[in-house]
Amino acid sequence: MHEILINDIYEPIFVSCYNNKRNAGGIYRLHNDELIPIFDEINCHGLFYYKEHNLLFCVTRKMPQIVCFKVLKNNQIQRYDIKFKNYTFGEDAHGICIVEKKLFLIATNGDSDSDKAVNAQGIKTNKVGKIIVSDLEFNTDHLVIKDSKIINPFDCSHHHHINEICFARNNFFMTSFSYCHNNKNFVENGAISSFRLSDYKTELFLDGFVKPHSLSFYNDKLYLVSSADSKIFSINLNDKSICLEYKGPDVFIKGLLVTDQHFYIGMNYSIGRTDSKFVNSVKGILKFNRITGETKKISLPPQSNNVYSIVKSYF
């Protein structure tokens, strides 16, 4: 393990960034509204904080596909060694979640042997997306990610651009740009689907979102961003009621951390939400006070133009 010392007051918020034009980005710790680099060697995507071992996991799109850091209470962050055994690489990897010592990775473009999707014409990532489930073996000084299994969540031959999953109330919830009903009919509508840990059977939970991302569970509610129309929604799991929590300017948002007082929102350099050729140069993290409405923009590192994930560690 390689030790990184950060000499300031501990505030455990982490951000992953990437550059959509080149392989540049990294993992940063947010402190005093500035991003302090922890790992800035490569594009970084989904983050997951594993409370049981105080480990921060991050998805990349090159081997090693998973990088990991031990988060300590004494202002130290240590690179945690990972070994891979019988591991399946996820193409166009996005989100990550760990439950019961199993790592669930969203491979938006499947694995290397995935079939080409029947609706592949005209879409950038054109294979059938998969969820790759790997076992975790914790040792004294390293972690083994091994024995991957491949799940087709909709059990169909379509590409659905699946993004993230989170675990809440003994169920997984997953975002995707489209979905299939049980009869395998393709529905081009952004959705949240649920599936059980026991058998991974997927069912539609809610739809009507526009390119949904950044699904999380906080204070007994699901939160997500509807990226292409710059909205944040909360969802009551008891009755599926939806509340609009925030509506932002014309910018593609991705990356969301919810706290009692703030939303931390990733604003990305991208094509405008109307899908025109206009490129929106607004990028950064918007710190939005949920009580007062006050906002503050936090700049990204110069090599990054997109935020993917924002998480907080909890001791």
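The values are calculated or read from the model by the stated rules, or taken from the named source; none is laboratory data. The structure presented is a predicted model; accordingly, all values stated were derived computationally and were not measured. We place every Cβ from the backbone using ideal geometry, glycine too, and count neighbours over all the protein chains shown.
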Original post:
Is there a residue in the range 121-131 that is surrounded by fewer than 21 Cβ atoms within 10 Å (Cβ to Cβ), under 28 Å from Phe69 (Cβ atoms) and touching a strand residue (DSSP E or B) at 6+ places or on another chain (Cβ under 9 Å)?
Top reply: no
Original post:
Between a first residue in the range 216-232 that is in a loop (DSSP other than H, G, I, E, B) and a second residue that is among the hydroxyl-bearing types (Ser, Thr, Tyr) and buried (at least 17 other Cβ atoms within 10 Å of the Cβ), which pairs have beta carbons less than 6 Å apart while being 6 or more apart in sequence or on different chains?
Top reply: none
**OP:** State which residue pairs qualify: first residue over 25 Å from Tyr223 (Cβ atoms) and in contact (Cβ under 8 Å) with a residue 60 or more places away in the chain and inside the range 179-198, second residue of a type in the set (S, T, N, Q) and surrounded by fewer than 20 Cβ atoms within 10 Å (Cβ to Cβ) in any location, beta carbons under 7 Å apart, and separation of 6 or more residues or different chains.
**Re:** Phe186/Asn119; Phe186/Ser178
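Can you find a residue that is of a type in the set (Lys, Arg) and farther than 20 Å from Ser309 by Cβ anywhere in the range 44-64? Quick ask: steps written out before the conclusion?
To start, the set of residues in the range 44-64 that are of a type in the set (Lys, Arg) comprises 51, 61-62.
Now narrow it down to the ones that are farther than 20 Å from Ser309 by Cβ: none.
No, because not a single residue in the range 44-64 is of a type in the set (Lys, Arg) and farther than 20 Å from Ser309 by Cβ.
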Original post:
Here is a list of conditions, (1) farther than 22 Å from Ala93 by Cβ; (2) crowded, with 23+ Cβ neighbours inside 10 Å; (3) of a type outside the set (S, T, N, Q), and Phe154 meets all of them except one; can you say which number that is?
Top reply: (1)
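So how many residues does the range 291-315 have that are assigned to a loop (DSSP other than H, G, I, E, B) and of a type outside the set (Ser, Thr, Tyr)? Write out each step before concluding.
Filtering the range 291-315 for residues assigned to a loop (DSSP other than H, G, I, E, B) gives 291-294, 299-305, 313-315.
Pick out the ones that are also of a type outside the set (Ser, Thr, Tyr) and you get 291, 293-294, 300-303, 305, 315.
Residues that pass the stated criteria total 9.
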Subject >> Elements of type strands (runs of 3 or more DSSP E) in the range 1-118, at least 3 residues being modelled with pLDDT of 95 or more and in contact with an Asp or Glu (Cβ under 7 Å, 6 or more places away or on another chain) >> reply: 102-107
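Right, Thr175: in contact (Cβ under 8 Å) with a residue 24 or more places away in the chain and under 25 Å from Cys68 (Cβ atoms) or not?
On the way: in contact (Cβ under 8 Å) with a residue 24 or more places away in the chain: yes; under 25 Å from Cys68 (Cβ atoms): yes.
Taking the combined requirement at face value, the residue satisfies it.
Can we say Ile66 is buried (at least 20 other Cβ atoms within 10 Å of the Cβ) and farther than 25 Å from Ile298 by Cβ?
Values: buried (at least 20 other Cβ atoms within 10 Å of the Cβ): yes; farther than 25 Å from Ile298 by Cβ: yes.
Answer is yes for this residue.
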